[in-house]
1. Output the peptides 405-417, 245-257, 422-434, 210-222 sorted from most to least packed, where packing is the average of other Cβ atoms within 10 Å over each peptide's residues.
2. Can you check what the Kirkwood hydrodynamic radius comes to for the chain, Cα pairs only, in Å to one decimal?
3. Taking H placed 1.01 Å from N in the peptide plane, check which residues at least 5 places from Ile469 or on another chain put their amide H under 5 Å from its amide H.
4. Can you give the FRET efficiency to the nearest 0.05 for Ile404 and His33, using r as the Cβ-Cβ distance and R₀ = 35 Å?
5. Could you tell me the center-to-center distance, by alpha carbons, between the range 317-346 and the range 300-314 in angstrom?
6. Can you give the helix-only mean residue ellipticity at 222 nm for the chain, where every DSSP H stretch with n ≥ 4 adds -39500 (n - 2.57) and the sum goes over all residues, rounded to the nearest 500 deg cm²/dmol?
7. Efficiency by 1/(1 + (r/R0)^6): what FRET value for Lys224 and Leu288, r their Cβ-Cβ distance, R0 = 41 Å, to the nearest 0.05?
8. Cβ neighbours within 10 Å, averaged per peptide: list 352-363, 197-208 in order, most packed at the top.
Amino acid sequence: MIRAAVVLGNLGRLILIVGIAMLSCLGWSLAYHEDVSVPILQAAALTIGCGLLLKYVFPSPDSINFKEGFAVVSLGWVVVSIFGTLPYLFSGYLLSFADAWFETVSGFTTTGATVVKDVESWPRSLLFWRSLTQWLGGMGIIALFVAVINSLGSRAKQLFKAEVPGPISDSISPRIRETARKLWFTYLILSFLCALLLYLFGMDSFDALCHTFATMATGGFSTKNTSIAFYSSPLIQWTLIVFMFMAGANFALHYFAFKQRNPLTYLKNPEFKLYSLIIFIASLLVFLNLNKLSSFSGWEAHLRSSLFQIVSIVTTTGYATVDYNQWSSFATAVILLMMFVGGCSGSTGGGIKPGRYLMILLRTNIELKKMVHPKAVFPLRFGQRFIKEDLLTNVLQFFFLYMIILAFGMLALTGLGLDILSSFSAAAACLGNVGPGLGMVGPTQHFAFLPDAGKYVLSSLMLIGRLEIYPILVMLIPAFWKE
């Protein structure tokens, strides 16, 4: 049975974290004498006040059951997104709740789709909040909650397991809270290195910080209307390629590789190898296609452009250095297919994830072997692990549900007047937390033209994709709320 007091008390703590994060925007507003200091302070005060109210009116006990963990995670993302709209609404820069909700959900889920037509006209404090939502959502609001709250005790495992994306997640420590802390520490270190390099290679401190938040979260919000195309520096683009690639890998691998001082740790992980192989092959195909059609830019520019866009889409970051809507049909088709890959399990990337594809491929290989040797027994191995049938069933069901939800999303958008390519790519980009799609929602476009109904549909897809379907859908089952 779900105890409402337990859920509400934990939601209060999540809201409190978001409210405190909002206060960090005040520094930029005051430093640049912007006219949004009061609205931001009001938004933070209301958020902190509601968080404290829930925290102290509903003190949480020492235990939390499986259902309550799912409820806190699923409702937590919705609730923090509601409060995350307040800086936009109070400042008046986004006038409708549908726009503010879309932008906030896109931030926290690290999707990167936007309704803002001219980001360069916005005050820096709001742009900072926009980027900060992605950074907080990247490693996960719940994972941060688990890492910083001392009184969770046995509750941490239920919350963390419901939060961490992917079919298999590596445990750094037997204690879940310690695992969450070390993952966040790794996230912080990589973020610092990314920001430092971007600053050294030509970005100012504000842009370096905001782009670091979006890069490490594989979110893709930029402070420039033309995204990364604004920066012509090859060094900045190569830096972002490297850190997007790292953000799309399992953060536990980064921690183990650093702790063991052994880069070969990455090669022991079968999902990472498939992830790297997909990026290599897709980038090579696009590079050869671009080189064939045009040689005036030089091979390095073509290689950088190909690799940047493929890494950006595979990791679900969504940055752009070119308008790939203008590429050939072949290159565009590769980009579209990459929207269905995603980052590794335990990364900040969304999508289906290479680990799930690998399990399906391994199982397919076993079925083919059984046709030759009907009586043989072939265990399903994933690296050093044996995969149980129930996990494989979960993966197959996930893939089926993903495609069904994608189809419904596409139908809803076509019903609102979008063409098939724009509808399909928008649904795929939002469900996979990629951001930009193709056609009317391409890398140089925005989502502001959509009717409110379309924005709510895509926001729902973002949340479903970020939580990997099950935590959201299980909340819709009446039996879930019964004893």
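Nothing in this text is a laboratory measurement; each read-out follows from the coordinates by a stated rule. Values in this document were obtained by computation on a predicted structure and should not be read as measured data. Because the Cβ atoms are built from the backbone with ideal geometry, glycine has one as well, and the counts that use them run over all protein chains shown.
1. The most tightly packed comes first, giving 210-222, 422-434, 245-257, 405-417.
2. Taking the inverse mean of 1/r over all distinct Cα pairs, the chain comes out at 22.8 Å.
3. Result for Ile469 returns nothing.
4. Numbers: r = 51 Å, r/R0 = 1.46.
Computed FRET efficiency for Ile404 and His33 comes out at 0.10.
5. 9
6. Counting only the DSSP helices, I get -21000 deg cm²/dmol.
7. Calculated value: 0.85.
8. Values: 352-363: 21.2, 197-208: 17.0.
Sorting 352-363, 197-208 by mean packing, highest first, produces 352-363, 197-208.
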